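Below is one structure; the comments refer to it alone.
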There are 2 protein chains.
Amino acid sequence: MKKKQAYRHATGVMYYDMETAMPKGGAEDFAKTMGVLSEEIYKMETSEELKALVAELYEHKDELDEITRREVEEHQESIARIACIPMEEYVDYESTVSMASSVWQKAKQENDYKLFEPYLKKLIDYNRKFALYYAPEKDPYDTLLDQYEKGMNREMLDRFFDEIAKAFRPLVEKTAAKRDEIDDSFLFKNYPIDLQDKLSREVMQLMGIDGNYCTLGEVEHPFTDNYSKHDVRITTHYHEDMLASSFYSVVHEGGHALYELNTGDELIGSPLASGASMGMHESQSRLFENIIGRSYAFVKAIYPKILALFPEQLKGITDVDFYRAVNKSVPSLIRTEADELTYCFHVMIRYELEKQLIGGTLSTEELPEKWKELYEKYLGIRPETDTEGCLQDSHWAGGSFGYFPSYAIGSAYGAQIMESMKKDVDVDACVAKGDLSPVNAWITEKIWKYGMLKKPAELIRNACGAAFDPKYYVDYMTKKYNQLYKL
Amino acid sequence: MKKKQAYRHATGVMYYDMETAMPKGGAEDFAKTMGVLSEEIYKMETSEELKALVAELYEHKDELDEITRREVEEHQESIARIACIPMEEYVDYESTVSMASSVWQKAKQENDYKLFEPYLKKLIDYNRKFALYYAPEKDPYDTLLDQYEKGMNREMLDRFFDEIAKAFRPLVEKTAAKRDEIDDSFLFKNYPIDLQDKLSREVMQLMGIDGNYCTLGEVEHPFTDNYSKHDVRITTHYHEDMLASSFYSVVHEGGHALYELNTGDELIGSPLASGASMGMHESQSRLFENIIGRSYAFVKAIYPKILALFPEQLKGITDVDFYRAVNKSVPSLIRTEADELTYCFHVMIRYELEKQLIGGTLSTEELPEKWKELYEKYLGIRPETDTEGCLQDSHWAGGSFGYFPSYAIGSAYGAQIMESMKKDVDVDACVAKGDLSPVNAWITEKIWKYGMLKKPAELIRNACGAAFDPKYYVDYMTKKYNQLYKL
């Protein structure tokens, strides 16, 4: 376990470094080294000694204490996932992933999809193949979905997205008709990056993120990484002409960070010391970004700091104006910049595409055009470039297929969790006062401290006293947008 | 070799990350992971298979081509250095080193030597012990010196430093008497860090450093690291009230970077693809920092860019004023900020202390006081705090004892190399024009391209047509300071 953790740590730091500090020319060396290390990891994970040890423990798992039992289950699963793949394919896949991010960055910067396409194709083929190795009888996309969120599959997601779309579509139409009622033009003035950086520190402090254990880096596409609860990295991307972009990236990634930073001490050094699933993780990031971060209470708490940093740009703008602006709903091309209401449609588009890419009914050649078509269909707008189209996200370049739905499921988890938290905590009151500690304490107790000890469904039941139900999400959004636009 | 290179790469990146991005709280996890990885490295380096393979090649080394022969020699030596140490001690040492940097940083920031002392003591004891494992019959400090610069020992250094001190001491006295003739006060105005950062990019470009393969990071104590000629990292530390500090750090580290960036392509992937020794490396960094970087020609080339960035701070200052200011000689407390003339005395002090620390005649308890004494003796000034005293440098925290003399030897190499280069290249003329490519091409041909293929003595002979001789350094400094102060 120590060795596994050390390799996870080293390769994690290498990825972080690749995104933040590595000179572009280092990409090939990086891929070579990741190839060698992945071979080491493969050999360790599939060694007869480890397999026998874990198998024996697994057989006796009911005799183990809770933590050890869950650790054994996780080991068993991670061995099963890797051992079904021939070593050469595993190493080649890891080398391809480690090269693909650099190629994707270049392709995105130069709007050159052709550059990235061969990597994308290879990653899709491998993901399909590996899913079939693991579960030959199962649809490969279902296998991938399940990997990010236990129990998630197409049937369940189709139903979920139908319900969401049915509820949100009328809201999108109504808000579109009233879009001129909210002015957000002041968010697009010139906001110097060094001052935006100061704002990032302010908001991290407000959220209760301890700088001793969490740093902030700058990257092309924001993400969070962590190697333990004592070393968490959030990242952002500053745009000089968009204040809300980095601001809400920091709040989003800060939500991920809080989850990791508040893992229970009893899990330190254990493979369970990390968020329960991608859906649970995104529930925390999206809860902070939107339900809390885009609430009037939160804006009220942070706005004096924002105003102090940008008195010229925000002259005459009140906290209510600011609150309304960061919630303005307008169909747009970039998922990470999308408002809370149209956001789910961005996810649905990716879900639709992944189903077909992994299912084999859509080729990588056809992807850019299909992407544009779906944006027209779902959001009524059409990207002109692939940079604003199918090259915008980093996930596929990182080999993640089946991840995107976690954002939507996470948003829905978040709404349900918030409803439940409000029974115990006067969230709006503490947030408005700028004291998030009661919020953090509540979520720590109900979710964060457990790491992977409990599974997502268990955590939702633990926090909410009921099973997952998307109706809270629908109710929350309907109420919020009705109030905001007085629909 | 691929595996060795991969581990060197991964641990190198982890160290770089620790210095640049890691949250402080991550130090213990970092040390744990480095412990595990160092055990893997130890096992790999000392495996019977590798030992037997290298031993057989070494036996037949005269039948090998030049590159393979030198590779085998390097493998043989690196195995010998590590295999004489018991694994537990090696792993404990590596874990201690990986913890010590963070502790040293904290100790330096808080002027709390006591915090760092136990680590320092442990590192000294291990270094002495390991040197004796490797060469039981030899003085341990001689063994350590030889590790950084083949053939270097106390006898040779005592002679070298005597000669230098004899020549430089009168210069220091004479310039001290005339110190008010040069005004450098404008270097200590307010220089915003974002503009200093722009200046760093300008000077990297002037030096011919390709940003595709070399990045610039910010750290507590500047250093250069590299994992191949395609991934080189230089670092700096910005002080808002000292323009020359970061500027010359970048030029210094840039010299290291150029050496690595211009390694011959035939050495890519080989353990020889790196600078020949620490003395050779410092010869390049100090050549660029001082002999080139502090020449009037270089100042003339870069000064218009500096003036454009800081028109207010440098109002009325000419390039000649700037040139004189960055060469002003004043005994000072901090080695990295020292002028070219007093610099060697900083190194002599450390050499004196290391001899005694490794020799066992000076305890870590006595170190802070002894440091102060020697500053009084050699430079006539006394640090008031340990932050400005024995805590100022990062080297000992990194486990490097015997490294410091490389700076002085390197400066002397540099002067001799420059004399030789001037026979072929009109250095002042190209530098003044802002075109360093003839300089870089000459050094590439004579030194850089060889990596570790040739040893330092061979490289000096190759570049200068004669053996190393400190007289060039003495002559250069005497002439420079005579002219500058019209002594």
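The values are calculated or read from the model by the stated rules, or taken from the named source; none is laboratory data. Note that the structure is a prediction, hence the values are computed from the model and not measured. Positions of Cβ are backbone-derived with ideal geometry, glycine not excepted, and every protein chain shown enters the neighbour counts. Accessible surface areas use protein heavy atoms only, side chains included; no ligands, DNA or RNA. Shrake-Rupley method; radii C 1.70, N 1.55, O 1.52, S 1.80 Å.
Let's see how each residue does on (1) within 14 Å of chain B (Cβ to nearest Cβ); (2) free of Cβ contacts under 8 Å to residues at least 60 places away in the same chain:
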| residue | (1), (2) |
| --- | --- |
| A:36 | yes, yes |
| A:62 | no, yes |
| A:100 | no, no |
| A:104 | no, no |
| A:111 | no, no |
Can you name the condition, by its number, that residue A:167 falls short on among (1) touching a Lys or Arg at 6+ places or on another chain (Cβ under 6 Å); (2) under 30 Å from residue A:484 (Cβ atoms)? (1)
Of all residues in the stretch A:1-28, which are touching a Phe, Trp or Tyr at 6+ places or on another chain (Cβ under 6 Å) and under 18 Å from residue B:269 (Cβ atoms)? A:23, A:25
Can you find a residue in the stretch A:113-121 that is at negative phi, at pLDDT 95 or above, surrounded by fewer than 14 Cβ atoms within 10 Å (Cβ to Cβ) and in a helix (DSSP H, G or I)? yes
Got at least one residue in the stretch A:94-106 being more than 24 Å from the chain's Cα centre (by Cα), in a helix (DSSP H, G or I), under 26 Å from residue A:134 (Cα atoms) and of a type in the set (Asp, Glu)? no
Check off (1) away from chain A (no Cβ under 13 Å); (2) touching a Gly at 6+ places or on another chain (Cβ under 8 Å) for residue B:189 and give me the number that stays unchecked. (2)
Residue hits (the stretch A:10-34; at pLDDT 95 or above and more than 9 Å from every other protein chain (Cβ to nearest Cβ)) are A:12, A:15, A:31
Identify, please: which residue in the stretch A:1-59 is in a loop (DSSP other than H, G, I, E, B) and touching a Ser or Thr at 6+ places or on another chain (Cβ under 9 Å) and is, among those, surrounded by the fewest Cβ atoms within 10 Å (Cβ to Cβ)? A:1
Would you check if residue B:441 is touching a helix residue (DSSP H, G or I) at 6+ places or on another chain (Cβ under 9 Å) and either crowded, with 19+ Cβ neighbours inside 10 Å or assigned to a helix (DSSP H, G or I) (or both)? no
Out of A:49, A:74, A:45, I need the residue that is more than 9 Å from chain B (Cβ to nearest Cβ) and touching a Pro at 6+ places or on another chain (Cβ under 7 Å). Which one? A:74
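Do we find that residue A:7 is aromatic (Phe, Trp, Tyr) and more than 9 Å from every other protein chain (Cβ to nearest Cβ) in this structure? Don't jump to the end; show me each part of the working.
Details: aromatic (Phe, Trp, Tyr): yes; more than 9 Å from every other protein chain (Cβ to nearest Cβ): no.
When the stated conditions are applied, residue A:7 does not pass them.
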Outside any loop (DSSP other than H, G, I, E, B), open to solvent by 20 Å² or more (accessible area, probe 1.4 Å), at negative phi and basic (Lys, Arg) - does that describe any residue in the stretch A:124-141? yes
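Have a look at A:364, A:318 and point out the one that is in contact (Cβ under 8 Å) with a residue 60 or more places away in the chain and either surrounded by fewer than 19 Cβ atoms within 10 Å (Cβ to Cβ) or closer than 23 Å to residue A:145 by Cα (or both).
Step by step, each of A:364, A:318 is checked, and only A:364 is in contact (Cβ under 8 Å) with a residue 60 or more places away in the chain and either surrounded by fewer than 19 Cβ atoms within 10 Å (Cβ to Cβ) or closer than 23 Å to residue A:145 by Cα (or both).
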With a cut-off of at least 2 residues that are surrounded by 21 or more Cβ atoms within 10 Å (Cβ to Cβ) and among the β-branched types (Val, Ile, Thr), name the strands (runs of 3 or more DSSP E) lying wholly within the stretch A:164-240. A:231-236
Single match in B:403, B:476, B:413 (criterion: surrounded by 15 or more Cβ atoms within 10 Å (Cβ to Cβ), over 19 Å from the mean Cα position of the chain (by Cα) and within 30 Å of residue B:332 (Cα to Cα)): B:476
Given (1) over 30 Å from residue A:9 (Cβ atoms); (2) in contact with an Asp or Glu (Cβ under 6 Å, 6 or more places away or on another chain), index of the condition residue A:313 fails: (2)
Here the residues within the stretch B:250-294 that are out of contact with any Leu (no Cβ under 7 Å at 6 or more places or on another chain), polar (S, T, N, Q) and open to solvent by less than 20 Å² (accessible area, probe 1.4 Å) are B:263, B:270, B:277, B:283, B:285, B:290
Subset of the stretch A:445-464 [of a type outside the set (Asp, Glu) and not in a loop (DSSP other than H, G, I, E, B)]: A:446, A:448, A:449, A:450, A:456, A:457, A:459, A:460, A:461, A:462, A:463, A:464
Among the residues of the stretch A:257-272, write down those that are under 19 Å from residue A:215 (Cβ atoms) and in a loop (DSSP other than H, G, I, E, B). A:262, A:263
